[in-house]
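K.L.:
This is the structure, below, for whatever I ask next.
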Amino acid sequence: MHHFQKLLIENIALWSAADSGKTSKRGRASADSAHLYGVAKLRAVIFGLAVSGRLVSGKRDGDASKLLRQIQDKKLELVSAGLAKKSKPLKPISSEEIPFEIPRHWVWVRLGEITNFGATEKRSSIGDEVWVLDLEDIEKDTSKLLHRWRYSERHSLSDKNAFKSGDVLYGKLRPYLNKVLVADEDGVCTTEILPIRCYGPYVAEYFKYVLKSPYFLKYTDSISYGMKMPRLGTEGGRNALFPLPPLEEQAEIGEKINELMLLCDELEGGSLLLIEAHKNLVKNFLKDLLNSDGAKKFDEGWERISNEFETLFATEEAVGELKLAIMKLAIKGKLVPQIDDEDSTILLMESIRNVVSHLVAEKLIRKGKDHAAVSIEEWTHPPPEGWQWVRLGQIGDWGAGATPLRGVASYYGGNIPWFKSGELSGDFIDQSEETITALALEKCSLRLNKPGDVLLAMYGATIGKASILKVAATTNQAVCACTPYPGVSSEFLLLWLKAMRSDFIDQGVGGAQPNISREKIIATPIALPPQAEQLRIVERVDQLMSICNDLQSHLRQSRELQIKIADILVEQALA
């Protein structure tokens, strides 16, 4: 125990700093339950020390072999009375199988030798007040009960396993989610949860923590079957090795773990509160900056941020918020100064109207409907000197894509990239998952977009994602493409679309797969700067984004190092 206290105290900052969330490759964390990777590893240390007999001093006058005989005798009684099924004998434990040393007064047994693992009792008739437990009710890793439903609240026609108060409830589906619970009342559960009880005297809390220990997780990971939804089979569970201490020591270990789990909860809770407070601090600072009215207020806000820069932008998420703020400042004209002798947007728009008239006359584009002037009520901010509020449809030729008939083989596999909304993942794109032929382009009346055209996703979770084409390509119907008119920078338009993505998401309609129409897109107001200022804005944003990317990379490397150190400390503690 002294060793654990030293490990905890000397590395307290590490446990609370090693962030979670993005490190797990399997499973999905609850949206309401963020956890710290370091604290999760700390819990693993506790479980590992517990099941190897190193968490408490131990009752040296006890002997687990006596307890094992009691359990075996009780099992025979239950089988003789017809209260338990006779199971086939399990093979003896070889020395090669033993994963780690345990105290001499403990014994290694197989789980199926001392428990009813795999033997279940089905319940067909269920009363309204009976507790009905599903896997989703148990939080992964912590095993906290998230909700207790009654049958009257959750009717289910599927088979249910009955359990009794004191049973250990083990989630056998995706065992790596580490969902193990001790029942505090009778109830029924999904068949993906196995109620486990020892044949003789036992402490359920100790059994629960063995099933949650790093050793047992590693074992289940090695023998679970099924690729997408792995589960632990009955024979695999029955053959699992189980470190059995005397009864009093089981109780002492269970109490000590519960005590340390509370300590971990406090550490995690305090750290998460600090993280949330930090997020709010960053948002408030950036909000003040974005909403600053006039140059003086803006300079004051920027000075406040500069003085607290290292404190504010100490996480990847905070830097992400800064990047978004930079883009929003850019499209409001607050990132670079206006230059008096530059042409105004009024002259630019006159030039664009002349270009459009020529393109329509040459039948290179279709004449679109006239756009209403942007009213003051539609402004999100006053336009800077030389800028003008216009609509997206006035600064480029917008068109949606389509999907060629899937049954026509000659339409696919050509040399023309065909982009879908999910592929808009970077500022510039040139390679698509699928290609189409020139025949498909002709027969299906698809629009061939040019290098420099800007693509905008219109459907589902990708709404508002945008990229610039580096090659001639076409798109499916979920993507709208814009050919900017002369004088409109593709890079500036991309910057504006990225800064305003949340607005497009808010405009999406249609339930599970929301969408935003081309009509809505082209009617969207934009404050457009003169061409020279567009280019200066893009250049300045690129410079600042490069700095932010370097900072994020540094923070990511630092976080990965913290995680590695936490892993090493766990390995050393359990060695």
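K.L.:
Using modelled backbone amide H atoms (1.01 Å from N, in-plane), which distant-in-sequence or interchain residues come within less than 5 Å of Asn449's amide H?
P.N.:
Close amide H contacts, sequence-distant or interchain: Ala473, Thr474.
K.L.:
Here is a follow-up. Skipping prolines and chain starts, which residues have an amide H placed within reach, meaning under 5 Å, of the one on Lys465, given they are 5 or more residues away or on another chain?
P.N.:
So Lys465 has HN proximity to Ala457.
K.L.:
Need one value: the accessible area of Trp149 in square angstrom, 1.4 angstrom probe, rounded to the nearest 10.
P.N.:
The accessible area of Trp149 comes to roughly 80 Å².
K.L.:
Can you tell me which aspartates and glutamates have their Cα less than 15 Å from the Cα of Lys369? Leave out same-chain residues fewer than eight positions away.
P.N.:
Asp397, Glu519
K.L.:
Relative contact order for the chain: what percent, with Cα pairs under 8 Å and sequence separation of 6 or more?
P.N.:
The value is 14 percent.
K.L.:
Which order, highest average first, do 536-545, 118-127 follow once you tally other Cβ atoms within 10 Å for each residue and take the mean per peptide? Provide the component values of the computation, followed by the final result.
P.N.:
Values: 536-545: 16.6, 118-127: 13.3.
Highest-to-lowest ranking by the protection proxy: 536-545, 118-127.
K.L.:
Under 22 Å Cα to Cα from Lys420, which lysines show up? Leave out anything in the same chain fewer than 8 places away.
P.N.:
Lys443, Lys450, Lys465, Lys470, Lys498, Lys520
K.L.:
Under 8 Å for C-alpha pairs, at least 6 residues apart: give me the relative contact order for the range 362-479, rounded to a whole percent.
P.N.:
Working: 194 pairs, mean separation 32.5, N = 118.
The normalised contact order for the range 362-479 reaches 28 percent.
K.L.:
Can you put Ser375, Ser52 in order of accessible area, largest first, using a 1.4 Å probe?
P.N.:
Ser375, Ser52
K.L.:
While we're looking at this one, here's another question. On a straight-distance basis, which aspartates and glutamates could pair with Lys74 in a cross-link, Cα separation under 15 angstrom, same-chain partners fewer than 8 positions away excluded?
P.N.:
Partners found: Glu113.
K.L.:
May I pose another question? Would you please classify the overall shape of the range 297-439 from the alpha carbon gyration tensor, given that a ≥ b ≥ c denote the square roots of the eigenvalues, rounded means a/c under 1.5, and beyond that prolate means a/b larger than b/c while oblate covers the rest?
P.N.:
The shape class here is oblate.
K.L.:
If contacts are Cα pairs under 8 angstrom and at least 6 residues apart, what is the relative contact order of the range 41-182 in percent?
P.N.:
Result for the range 41-182 is 19 percent.
K.L.:
Related question: May I ask which of Lys172/Lys218; Lys160/Lys218; Lys41/Lys179; Lys85/Lys160 have a Cα-Cα span longer than 24 Å here? Don't skip to the answer; put the middle values down first.
P.N.:
On the way: Lys172/Lys218 14 Å; Lys160/Lys218 28 Å; Lys41/Lys179 16 Å; Lys85/Lys160 19 Å.
Beyond 24 Å: Lys160/Lys218.
K.L.:
Could you please state, rounded to a whole Å, how far the C-alpha centre of the range 44-99 is from the C-alpha centre of the range 546-575?
P.N.:
39
K.L.:
Taking the full set of protein chains and a 1.4 angstrom probe, give the accessible area of Lys208 in square angstrom, rounded to the nearest 10.
P.N.:
30
K.L.:
How many angstrom separate the Cα center of the range 286-339 from the Cα center of the range 488-533?
P.N.:
One Cα centre to the other: 22 Å.
K.L.:
Let me ask you something else. Per-residue accessible area for Val282 at 1.4 Å probe radius, Å² rounded to 10?
P.N.:
The accessible area of Val282 comes to roughly 0 Å².
K.L.:
Once you compute Rg and the Kirkwood Rh from C-alpha atoms, what is the Rg to Rh ratio for the chain?
P.N.:
Result: Rg/Rh = 1.10.
K.L.:
Non-local amide H neighbours of Asp397 (under 5 Å, H modeled in plane, Pro and chain starts lacking H): which ones?
P.N.:
Amide H neighbours of Asp397: Thr483, Tyr485.
K.L.:
Applying a 10 Å radius around every beta-carbon, put 43-50, 457-464 in order of their mean neighbour count, most first.
P.N.:
The densest-packed peptide leads the list: 43-50, 457-464.
K.L.:
Pairs Lys287/Lys564; Lys297/Lys328; Lys140/Lys164: which exceed 24 Å Cα-Cα?
P.N.:
Table pairs above 24 Å Cα-Cα are Lys287/Lys564.
K.L.:
Could you sort His105, His371, His358 by their accessible area in this structure, using a 1.4 Å probe and putting the largest first?
P.N.:
Ranked from most to least accessible, the order is His358, His371, His105.
K.L.:
If you don't mind, another one. With every protein chain left in place, what is the accessible area per residue of the range 150-264 in square angstrom, probe 1.4 Å?
P.N.:
40
K.L.:
Now, a different point. Calculate what fraction, in whole %, of the accessible area of the range 77-177 sits on carbon and sulfur atoms when a 1.4 Å probe is rolled over the protein chains.
P.N.:
Using a 1.4 Å probe with all protein chains present, the range 77-177 comes out at 49 percent carbon and sulfur.
K.L.:
Project the alpha carbons of the range 468-575 onto their principal axes and report the range along each, largest first, in whole Å.
P.N.:
Sorted from largest, the Cα extents of the range 468-575 read 65, 40, 28 Å.
K.L.:
Alpha carbon centre of the range 183-213 versus the range 421-462: separation in Å?
P.N.:
Cα centroid of the range 183-213 versus Cα centroid of the range 421-462: 54 Å apart.
The values are calculated or read from the model by the stated rules, or taken from the named source; none is laboratory data. All values derive from a computational prediction rather than experimental measurement. Neighbour counts run over all protein chains shown; Cβ positions are idealised from the backbone, glycine included. We work out accessible area using only protein heavy atoms, side chains counted, and drop any ligands, DNA or RNA first. Shrake-Rupley method; radii C 1.70, N 1.55, O 1.52, S 1.80 Å.
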